[in-house]
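Data block below; observations after.
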Amino acid sequence: SITPATLSAISNSAKKGILFKGGVHVEKLSHIKAIALDKTGTLTNGKPEVTAVYFDENQNTEEILNIIQEIEMESTHPLAQAIANYRADKLSERKKKNIDVINMKNISGNGVTAIVDNKRWMIGKADFVGKESAMIFHNGIANSLAAEGNTIVFAKVEETIVAVFALKDNIRQTTKDAISKFKKHGIHTVMLTGDNELTAKAIAEEAELDQYIANCLPQEKVEHVKSLKNKYGNIAMVGDGINDAPALASANVGIAMGEGTDVALETADVVLIKNNLAKITDAITLSSRMNRIIK
Ligand code: ADP
Ligand code: MG
């Protein structure tokens, strides 16, 4: 049964934009010692934009871009949408070209593959397309763009890297404030991301996080949540994507961004209606006051 104090904490929190799916989560949230946060869509806006593109000079640039955009149009990943919409004025032109994308596959946490004109295409991170091939082409530039917080996406046809995209996804306005509030509450902050080491480091530094774990495949997020539990006791996980749902379920308190996917919203114990991470600490303050009243 729910106490009047708990009920009041739930309703006060709801007014502030944080929705608890039960009284037990209010109590649990006040005891968390560490918080794991997904990067894309959680710490960042989740709306990356293409900031730079490099093409292999031996290729037909327009043709390459058309094919890449046609493939990425079939993926709902935010990076794919940004690439597909890059120079959107070219969209109508592209449609006329009649590009046949066959057997397009999403490889979770890595990228996509497809067949176009009997050739095998791979679009995704360096580890996915093959570290060596990614190094050959503009490695220096890719690294410096990554160090500035850009996500780097490589496009490969058969064995050749034909294009490199840099995409920037800015951190949410409320992120820094939220992280500093967590720290003031003595809560350890960790970012979990599928993105590469350099990009992860840049974003973690900008957000002033205590720790970051890069190159994290979706299933590995669960493992990291479990080891954080072993180390810190009670932990919360915040995420927005389909990929984050298993990690949300394995944390003591799973928190979804209101803008997140249905699966994340359904799995979570708590929903941040306005995507404002700082509301989590407001709720913690409220719930520890409530605990004091009860005790
Ligand atoms: P995050 O954990 O940051 O939300 P994901 O696990 O979804 O990221 O993806 C990890 C990485 O895989 C991305 O940073 C990107 O390099 C690559 N990737 C995934 N899907 C795509 C795609 N559709 N197109 C290009 N790259 C992709
Ligand atoms: Mg995400």
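Only the coordinates and a few stated rules stand behind these numbers; no lab work does. Quantities reported herein were computed from a predicted structural model and do not represent experimental measurements. Cβ sites come from the backbone with ideal geometry, for glycine too, and all protein chains shown count toward neighbours.
Summary of values
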item	result
Odd one out for V271, checked against (1) outside any helix (DSSP H, G or I); (2) more than 14 Å from ligand 2 (Cβ to nearest atom); (3) surrounded by 23 or more Cβ atoms within 10 Å (Cβ to Cβ)	(3)
Test: L192 is under 22 Å from N234 (Cβ atoms) and within 16 Å of ligand 2 (Cβ to nearest atom)	yes
Candidate set: region 274-283, residues that are in contact with a Gly (Cβ under 9 Å, 6 or more places away or on another chain) and part of a loop (DSSP other than H, G, I, E, B); chosen: the one farthest from V253 (Cα to Cα)	K274
Enumeration of residues in region 217-271 that are among the basic types (K, R) and in contact with a strand residue (DSSP E or B) (Cβ under 8 Å, 6 or more places away or on another chain)	K221, K229, K231
Unmet requirement for S227, which otherwise passes all of (1) in contact with a Lys or Arg (Cβ under 7 Å, 6 or more places away or on another chain); (2) farther than 19 Å from I18 by Cα; (3) surrounded by fewer than 19 Cβ atoms within 10 Å (Cβ to Cβ); (4) of a type in the set (G, A, S)	(1)
Selection within region 50-78 - touching a Phe, Trp or Tyr at 6+ places or on another chain (Cβ under 8 Å) and either near ligand 1 (Cβ under 8 Å from one of its atoms) or assigned to a strand (DSSP E or B) (or both)	V50, A52, V53, Y54
Selection from region 199-224 of residues that are under 15 Å from the mean Cα position of the chain (by Cα) and surrounded by fewer than 22 Cβ atoms within 10 Å (Cβ to Cβ)	K201, A202, I213, A214, N215, L217, P218, Q219, E220, V222
Residues located in region 97-123, provided they are part of a strand (DSSP E or B) and on the phi > 0 side of the Ramachandran plot	N103, G111
Options D240, D169; residue that is in contact (Cβ under 8 Å) with a residue 60 or more places away in the chain, near ligand 1 (Cβ under 10 Å from one of its atoms), closer than 28 Å to K21 by Cα and not aromatic (F, W, Y)	D240
